[in-house]
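Notes to accompany the following structure.
The values are calculated or read from the model by the stated rules, or taken from the named source; none is laboratory data. As the structure is a computational prediction, the values presented were derived from the model and not from experiment. All Cβ positions, even for glycine, are placed from backbone atoms using ideal geometry, and neighbour counts span all protein chains on display. Areas reflect the complete protein model, heavy atoms only, side chains present, ligands, DNA and RNA absent. Shrake-Rupley method; radii C 1.70, N 1.55, O 1.52, S 1.80 Å.
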Amino acid sequence: MSDLTLKSIRKSYGAVEVIKGIDLEIAHGEFVVFVGPSGCGKSTLLRMIAGLEEITAGSLHIGNVLCNDVEPRDRGIAMVFQSYALYPHMTVYDNVGFGLKLAKAPKDGRDKKIRDAARILQMEHLLDRKPSQLSGGQRQRVAIGRAIVRQPEVFLFDEPLSNLDAALRVDMRMELSKLHQELGATMIYVTHDQVEAMTLADKIVVLNGGEVQQAGAPIELYQHPANLFVAGFIGSPKMNFLPVTVKGIEGDTIVVQADEIDDLRVSIPGATARPGDAMTLGIRPHALRTGADGPIKGTVDLVERLGNETIVNFRLGGGTQWLAVLDGDMPLHRGQTVGFTAPEGEPVLFDRDGRNIAIANPQAEKAA
Amino acid sequence: MTLVRRYGLTVAALIGAGFVFVVPFLFIVLTAVKDRTQAAQLDFTWPTSFPLWENFWTVISTRDFMLITAYINSTILTVGSITLLVILAAMVGYVRQRRKAWWNGLVDFLVLAGLMMPPAVVPTIWLLQQLGLFATLHGMIFIEVAYNISFCIILYRAFVATIPREMDEAAIIDGARPMDIFFRVILPMLKPVTITVIVVQSVAIFNDFVNPLYYLPGNDNVTVQLTLYNFQSQFNTSYNLLFMNILLVTIPPLIVFLFFNRQIVAGMTSGAVKG
Amino acid sequence: MTTTVSTPIAVPAKPRHRRRSSPYPTWFLLPAAIVYGILFLIPTFASLYFSLTRWTLFNSSFIGLDNFVAFFEEPFLIQGVVNTIIFALLTCALKVVFGLGLAVLLTSQIHARGLLRSVVFFPVLVSTVGVGIAFTAMMHPTDGIINAGLGLLGIKGPGWLTNPSLAIYSVAFVEVWRGVGLATVIFIAGIVSIPQDYYEAARIDGATGWERFVYITLPLSRPAMVTVVILSFIHGLRNFELVWAMTRGGPGFASDVLASVIYKQYQAGFYGLSTAGNVVLFVLIAAMAVPLYLYLNRKEGHQ
């Protein structure tokens, strides 16, 4: 089997450390997405797995083989690049078959593999063309085809959809999903787009500042973000935040207070908090409901009525900008004061270090 | 700009350019097809007789068809030098652009030195003699490579910078070894700049006079530019033949110019925009 | 730039066994380095020694700086150095002036621009020796078409190449004729890369054609200017072919330049003196071209 194991992987350029010790287990056949803002190290990490970057410290095992010093061609991987990197002087056929040719595969076997890949990707009619004669989506297919013929254990994707327009991106996303099911190979996919991450991944790895912030199933990350960063990064629109102080504790319910809102009750079973603790309150825009006497009062700045839902931009008493996404059509207008409530189970609290207090030890999450 | 001024300027420019740049060429062509006595007058007149073929044949056959030998030699010299230049310069330009290393500064310095500094001729002759390369065509080929490689490296390096590194990486993932990456992926992609290098350098090497003068003495290895020099004394009084020779020597660059005007200008002006 | 010396980052615990080979192997430089090193670098360094010797190619005797002393005592050698500098400065200046003028003309809204550009550029590609021979004929003091043309205007033309005080200037004039096309196309490339918006903005601001040239074209085609100045200056210092084809350095030594002196001393068998001439040329280029290069490239960002 070809499980992939990263143990305390580090990468530094001179004195600058860009990957600060990453431990990760990727099971065979998993679709893993590395997501994070630009500069978080996600591409570097992928390139280290590919063998395009040296690993400064730590170990990378593919299957049971230590791969730190193995040449990329011997790692059993294939990669799809952001710019596709098709060889412009070769036809699609030769582009797809280049790796096989280099490996000195016999001609008939080569031909069969190229045609199989073309069939899977429905691009048999494109085989004689040059890359310059293809559309963006077709180039994308060729790039994937080039990866497929290598029959790799692990597919690596470096932001492969970011050069496509929005509609095509949705199509290709579905095709990639289908391809994953068909081939059953491990796929590691890098993106900065959290929607892509949510829709494609079996497991999302959120990276920031060269460290894993949280790894887990998409819904897990959405519902139980380990820290402020993950909470802010996963989910669209972004989660609303506000600094609060713990006023009191009633069993599993923590009462928090702040100048900008009335006291709010948050139900977090098993959490430890003491009155007076400074925390950050997080509420997803979708969790807010209108309620005239709700604890959250705001002045409406902007209303976007989409028919099935209404997005309300509003200002709290102290000027903090929040967002609410309400079901159905709400005929609110600018300048209006609206009250909001949130079900007790919905809000999240983060401690002084930004950790979600509902999750005692965020490190435990990584093993998932 | 008003239409009148525009036409006026055009006419003035055409007349000026005609006088300054076209008349000398017409003079060469006219003199080349005159007979000997009329040519000796060195005036700008229409030929009274057209011994075109006669002049041509005399020039060609002089000194046992030296001009033919010279054409063959110049062709070998040009083709050989350019083949080496393209491959060697592309390799250097590619690695210099791609790789971060301590020797980058040294390479840049040597390239600049090769571009600006004149060669030390007598020590070079001395060295060529030691190596058994003096007065040989292959020695001359290496000389042309050494003297012209700086310019080619600069062109290649600038062009490699426009090829995304992902191309190399895609090839690496595909299992290409360094030689495969360079010869099967990068070199084909360098085609536009290779054409420029071939065109510009073939004109330069074909027209080179000084270096063959020093390093290729003797009649066996004569190049076309040297025939002009050799015939200058022989055709002392036969301007028609001398000018026919100039005409024949000018034809190859003229052909190149007609077909590759754009590449020549692109190659020679590279750096004008970026500095 | 922060160059922190002490790095708090943990050094990799395990020693690494071996580096994977780079996809950009250093040996790719080797073939070029061998050819360049043997045929260009070694002779250049050797010249530093041989210029201090009396040398017959088979044996050399060290004579200190005698060769260089000769260069600054023998009148015909001094003449060569002075002529080289005059030739370089003059051709460089004229190529800049005419090249820029032609470039402005050939980027303006006139007809037949392509044809005119080709006509101006073509002499660059013609054999320099051929150009030299042709102009020698045209500059013939009595029969040449230049003086014949002047005669039609009632002017008695001088002996362009036979008058010792005029010969080097005549050759310089032919060099400008031959090389101005290259300067022109370089300036054209520089000028067409200037965004048209600047000209439109200036026009709206009411700038005249001359003002647009001085305040937009001139400063913004600076990279082209740098290229032209350096290229033609170095070319001028190294010039040999035209001088040799037209005057052989004559009359007497009146139009000798360093490159022709080097060749003459080589032919005469004074190899040490010839090589000293080469070193003088190195020094001249280093002393004039390098500061020029640095000066013209100042304030321009690093690539």
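Does A:Gly328 count as more than 26 Å from the chain's Cα centre (by Cα), small (Gly, Ala, Ser) and exposed (fewer than 12 other Cβ atoms within 10 Å of the Cβ)? Yes. Within the range C:37-60, the set of residues being without any contact (Cβ under 8 Å) to a residue 12 or more places away in the chain, of a type outside the set (Phe, Trp, Tyr) and facing chain B (nearest Cβ under 8 Å) comprises C:Ile38, C:Leu39, C:Leu41, C:Ile42, C:Pro43, C:Ala46. In the range C:156-241, counting only helices (runs of 4 or more DSSP H) that sit wholly within it, the ones holding 2 or more residues that are farther than 23 Å from C:Tyr293 by Cβ span C:167-192, C:196-204, C:209-212. Note on the range B:133-160: among residues that are of a type in the set (Val, Ile, Thr), in a helix (DSSP H, G or I) and more than 9 Å from chain C (Cβ to nearest Cβ), the one that is surrounded by the most Cβ atoms within 10 Å (Cβ to Cβ) is B:Ile141. In this structure, C:Asn59 does not satisfy being open to solvent by less than 20 Å² (accessible area, probe 1.4 Å) and over 24 Å from the mean Cα position of the chain (by Cα). The criterion of being at positive phi and either out of contact with any His (no Cβ under 8 Å at 6 or more places or on another chain) or buried (at least 20 other Cβ atoms within 10 Å of the Cβ) (or both) holds for A:Gln122. Scanning the range B:155-198 for residues that are of a type in the set (Phe, Trp, Tyr) and over 26 Å from B:Phe257 (Cβ atoms) turns up B:Phe182, B:Phe183.
Take C:Gly80 and tell me if it is outside any helix (DSSP H, G or I) and open to solvent by less than 20 Å² (accessible area, probe 1.4 Å). Judged against the criteria, C:Gly80 is not a match. Across the range A:1-43, which residue is surrounded by the fewest Cβ atoms within 10 Å (Cβ to Cβ) among those that are within 14 Å of the chain's Cα centre (by Cα) and of a type in the set (Ser, Thr, Tyr)? Only one residue tops the list, namely A:Ser38.
Scanning the range B:89-104 for residues that are within 9 Å of another protein chain (Cβ to nearest Cβ) and part of a loop (DSSP other than H, G, I, E, B), we see that the one that is farthest from B:Ile153 (Cα to Cα) is B:Ala101. For the range B:11-44, the set of residues classified as β-branched (Val, Ile, Thr) and modelled with pLDDT under 85 consists of B:Thr37 only. Filtering the range A:9-34 to residues that are in contact with a strand residue (DSSP E or B) (Cβ under 6 Å, 6 or more places away or on another chain) and of a type in the set (A, V, I, L, M) leaves A:Ile9, A:Val18, A:Ile19, A:Ile22, A:Leu24, A:Ile26, A:Val32, A:Val33. If you go through the range A:20-59 and keep only what is β-branched (Val, Ile, Thr) and away from every other protein chain (no Cβ under 11 Å), you end up with A:Ile22, A:Ile26, A:Val32, A:Val33, A:Val35, A:Thr44, A:Ile49. Checking B:Val111, B:Val122 one by one, the residue that is at pLDDT 90 or above, open to solvent by less than 20 Å² (accessible area, probe 1.4 Å) and more than 7 Å from chain C (Cβ to nearest Cβ) is B:Val111 and no other. Looking at the range B:161-227, the helices (runs of 4 or more DSSP H) lying wholly inside it that each contain 2 or more residues that are away from chain A (no Cβ under 14 Å) and within 17 Å of the chain's Cα centre (by Cα) sit at B:191-206, B:210-215. How many residues does the range A:300-319 contain that are open to solvent by less than 40 Å² (accessible area, probe 1.4 Å) and in contact with a strand residue (DSSP E or B) (Cβ under 6 Å, 6 or more places away or on another chain)? Total satisfying the criteria: 9. Taking every residue in the range A:20-41 that is within 20 Å of A:Met198 (Cα to Cα) and pairing it with any residue that is β-branched (Val, Ile, Thr) and surrounded by fewer than 21 Cβ atoms within 10 Å (Cβ to Cβ), at least 6 positions away or on another chain, the pairs with Cβ-Cβ distances below 8 Å are A:Leu24/A:Thr5; A:Glu25/A:Thr5; A:Ile26/A:Thr5; A:Gly41/A:Val18. Every condition in (1) surrounded by fewer than 19 Cβ atoms within 10 Å (Cβ to Cβ); (2) touching a helix residue (DSSP H, G or I) at 6+ places or on another chain (Cβ under 8 Å) is met by B:Trp53 except one, and the failing one is (2). Considering the range C:253-267, and only residues there that are more than 8 Å from every other protein chain (Cβ to nearest Cβ) and without any contact (Cβ under 8 Å) to a residue 24 or more places away in the chain, the residue that is most open to solvent (accessible area, probe 1.4 Å) turns out to be C:Gln267. Residues in the range C:103-117 that are open to solvent by less than 30 Å² (accessible area, probe 1.4 Å) and not β-branched (Val, Ile, Thr) were compared, and the one that is nearest to B:Val203 (Cα to Cα) is C:Leu116.
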